[in-house]
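Encoded as structure tokens, the structure appears first; notes follow it.
The values are calculated or read from the model by the stated rules, or taken from the named source; none is laboratory data. The structure presented is a predicted model; accordingly, all values stated were derived computationally and were not measured. Cβ sites come from the backbone with ideal geometry, for glycine too, and all protein chains shown count toward neighbours.
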């Protein structure tokens, strides 16, 4: 997808004389450490959905940043889940493992001041020989006196090629992070056009925008039992017409999504439409409804039909 960046992306450094480098970088980490926020900050556009709830990301999505001397293809992955073992989460975990084996380097993202068993467990998925970098996120919330001992302790988990403290939300430390990553990318031609931001099409991004609003506007149960399918996507010269269905797992979820007098569904659709217009750079007509598909999170056929890899 081509699109408009929200800000000038940080440069990776280097000189015109250096050989061009291009490669893929898997961003891995436990749920809710800021992987999608980091991806969006690096590419300068909101291509991966975010919320305060863990396990918002379900699909592998590539974000592309092209500089004068490098192209970074970041792969955002779902948070590795060790607590809930339904078919959906098992599928997502397998996807994380496959992604790690297909990239040029791996970036493990952890949260400053919090080192959990799930962070350590992810290290076992990284094959020998793939450069492993550590990014410590949310450092603005820690004092220097607390951060330095934590960096030393975190660095002892593995033989990290680089350790970089960052704040994805405040976009601090990103230039240093890019300089560190560039070193481990192979010398080769770019894989994407210079103005491409992601490998995902607008149909996918539209569905994700709606799903993001469910995570942000609904309670703790419904978002995890919901998915979104695009029933129709028509792109005209001045307007995109999009028809979408929110799929829920229980009959009781449907009135919760719709809300009193349809107000909740209207808010979901309105906020998603506004985000789509900013991302796509044009007018959007969006129609959204709700349908029930019982037990879809534990049904392999339903997961495949809903587009889960």
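A few points about this structure:
- The single residue among 288, 268, 284, 257 that is under 22 Å from the mean Cα position of the chain (by Cα) and modelled with pLDDT of 95 or more turns out to be 268.
- Test result for residue 250, in contact with a strand residue (DSSP E or B) (Cβ under 6 Å, 6 or more places away or on another chain) and farther than 19 Å from residue 58 by Cα: no
- Yes/no for residue 263 being more than 21 Å from the chain's Cα centre (by Cα), assigned to a helix (DSSP H, G or I) and loosely packed, with under 13 Cβ neighbours inside 10 Å: yes
- Test result for residue 169, at pLDDT below 95, assigned by TED's automatic domain parsing to the domain that holds residue 71 and either surrounded by fewer than 18 Cβ atoms within 10 Å (Cβ to Cβ) or within 23 Å of residue 295 (Cβ to Cβ) (or both): yes
- Residue list for region 279-297, restricted to those being out of contact with any strand residue (DSSP E or B) (no Cβ under 8 Å at 6 or more places or on another chain) and not in a helix (DSSP H, G or I): 281, 294, 295
- Scanning region 26-37 for residues that are over 8 Å from the mean Cα position of the chain (by Cα) and crowded, with 23+ Cβ neighbours inside 10 Å, we see that the one that is farthest from residue 132 (Cα to Cα) is 33.
- Scanning region 108-124 for residues that are touching a residue at least 40 places away in the same chain (Cβ under 8 Å) and part of a loop (DSSP other than H, G, I, E, B) yields 112, 115, 116.
- For residue 246, the criteria (1) touching a residue at least 24 places away in the same chain (Cβ under 8 Å); (2) over 23 Å from residue 53 (Cα atoms) hold in every case but one, which is (2).
- For region 182-206, the tally of residues that are within 30 Å of residue 268 (Cα to Cα) and not in a loop (DSSP other than H, G, I, E, B) stands at 7.
- Within region 174-181, not a single residue is outside any helix (DSSP H, G or I) and touching a strand residue (DSSP E or B) at 6+ places or on another chain (Cβ under 6 Å).
- Any chance residue 160 is on the phi < 0 side of the Ramachandran plot, within 22 Å of the chain's Cα centre (by Cα) and not in a strand (DSSP E or B): no
- Meets criteria (closer than 30 Å to residue 241 by Cβ and in contact with a helix residue (DSSP H, G or I) (Cβ under 9 Å, 6 or more places away or on another chain)) for residue 197: yes
- Residue check for residue 136: under 15 Å from residue 31 (Cα atoms), surrounded by 13 or more Cβ atoms within 10 Å (Cβ to Cβ), touching a strand residue (DSSP E or B) at 6+ places or on another chain (Cβ under 7 Å) and modelled with pLDDT of 95 or more: yes
- Scan of region 34-74 for residues that are at pLDDT 90 or above and part of a strand (DSSP E or B), ordered by number: 62, 63, 64, 65, 66, 70, 71, 72, 73, 74
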